[in-house]
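One structure is given here, and the rest of the page talks about it.
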Amino acid sequence: MLTTLIFDVDGTLADTERDGHRPSFNAAFRQFGLDWEWDIPLYGELLSVTGGKERICYYVEHYRAHLPTPDNFENLVAALHRAKTEHYTALLQRGEIPLLPGVERILKEARQAGLNLAIATTTTPQNVTALLEATLGPESLRWFKVVAAGDIVPAKKPAPDIYLWAMDRLGVTASECLAFEDSENGLRSALGAGLTTLITPNDYTLRQDFSGAAALINNLDDISSPYSDSEKTMFTPRVPVTIDFCRNLLNKYRENC
Ligand code: XBP
Ligand code: MG
């Protein structure tokens, strides 16, 4: 029986990467006098690495390998990342990133239905607070029984650890949860934790491998396939994800396991 919905944040609750995290990394690089600029296609490649600090290290290793690594490299990465978090949370507080279609509605419907809500994300905890407060109001963090975020577990997605940590804190098993993700790394993490997973992809993740997902849909207000011809479906009424849809999806997926 479905008791719990667990949400990823970046790309799932909101489309934060291209116009949120990316320009915030760039602003931090400028602030530190670095000529590093992550454009839209390059950032798409860098997204294969989850976690902002890990992403900076990967970039330096693979794209700036000719630079001598300073002795205090770890401190530099930490300072850059702190600056990036400040830029990013300020951007969210200015209301620059809205929630994706259907997100606010399904959260409210889940609360009404008495389901647990939780978050399992790689991003820094302050980023989750800033996004929820800016989009759903100051009380909304309390809607979530557990917020599992950032460095709380050392092994980030695609490792299952963050979902396992969240379920442990919630006191639930995978058989009663539905996970919401947008990326292959997120799906691998959720599947590794034994979770039934619904995918809403975005421009960066659309062509990734989503095998093993219980459902792959446009967004929470539109259960049609993200690969269907938008010209053809333009006049077809949109069908939203409901709590009943979530319950049926969980039952059907687990029956087939
Ligand atoms: C999200 C991420 C995050 C953000 C940056 O992955 O990869 O690293 O891009 O956040 P997921 P920080 O949606 O799979 O959780 O800079 O705060 O690490
Ligand atoms: Mg994501």
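The values are calculated or read from the model by the stated rules, or taken from the named source; none is laboratory data. The shown structure was predicted, so the numbers you read here are calculated from the model rather than taken from an experiment. So basically every Cβ, Gly included, is an ideal-geometry build from the backbone, and we count neighbours across all protein chains shown. Heavy atoms of the whole protein, side chains included, go into the accessibility calculation; ligands, DNA and RNA do not. Shrake-Rupley method; radii C 1.70, N 1.55, O 1.52, S 1.80 Å.
Below, the figures for the structure above:
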{"quantity": "Those residues of segment 109-133 which are farther than 16 Å from ALA190 by Cα and part of a strand (DSSP E or B), in sequence order", "calculated": "ASN116"}
{"quantity": "Wholly enclosed helices (runs of 4 or more DSSP H) of segment 147-257 bearing at least 2 residues hydrophobic (A, V, I, L, M, F, W, C) and open to solvent by 10 Å² or more (accessible area, probe 1.4 Å)", "calculated": "161-170, 243-256"}
{"quantity": "Which listed residue is in a helix (DSSP H, G or I), touching a strand residue (DSSP E or B) at 6+ places or on another chain (Cβ under 9 Å) and over 30 Å from SER175 (Cα atoms), from GLY20, GLY44", "calculated": "GLY20"}
{"quantity": "Whichever residue in segment 107-140 is over 16 Å from the mean Cα position of the chain (by Cα) and closer than 20 Å to THR16 by Cα and, among such residues, is surrounded by the most Cβ atoms within 10 Å (Cβ to Cβ)", "calculated": "ALA134"}
{"quantity": "Selection within segment 43-56 - of a type in the set (A, V, I, L, M) and free of Cβ contacts under 8 Å to residues at least 12 places away in the same chain", "calculated": "VAL49"}
{"quantity": "Unmet criterion (only one of (1) more than 16 Å from the chain's Cα centre (by Cα); (2) farther than 24 Å from ARG82 by Cβ) for ASN202", "calculated": "(1)"}
{"quantity": "Residues within segment 153-179 that are within 16 Å of ligand 1 (Cβ to nearest atom) and either over 18 Å from THR4 (Cβ atoms) or among the polar types (S, T, N, Q) (or both), tallied", "calculated": "7"}
{"quantity": "Hey, ALA79 away from ligand 1 (no atom under 12 Å from the Cβ) and of a type in the set (Gly, Ala, Ser) or not", "calculated": "yes"}
{"quantity": "Filtered residues of segment 30-54 (kept if among the hydrophobic types (A, V, I, L, M, F, W, C) and more than 10 Å from ligand 1 (Cβ to nearest atom))", "calculated": "PHE32, LEU34, TRP36, TRP38, ILE40, LEU42"}
{"quantity": "Residue in segment 57-75 that is in contact (Cβ under 8 Å) with a residue 40 or more places away in the chain, within 13 Å of ligand 1 (Cβ to nearest atom) and open to solvent by 30 Å² or more (accessible area, probe 1.4 Å) present", "calculated": "no"}
{"quantity": "Residue check, LEU107 touching a Leu at 6+ places or on another chain (Cβ under 9 Å) and aliphatic (A, V, I, L, M)", "calculated": "yes"}
{"quantity": "Single condition ALA27 does not satisfy, out of (1) more than 11 Å from ligand 1 (Cβ to nearest atom); (2) crowded, with 18+ Cβ neighbours inside 10 Å", "calculated": "(2)"}
{"quantity": "First in segment 203-230 and closer than 16 Å to THR12 by Cα, second anywhere and in a loop (DSSP other than H, G, I, E, B) and acidic (Asp, Glu), Cβ under 7 Å, 6 or more apart", "calculated": "THR205/ASP182"}
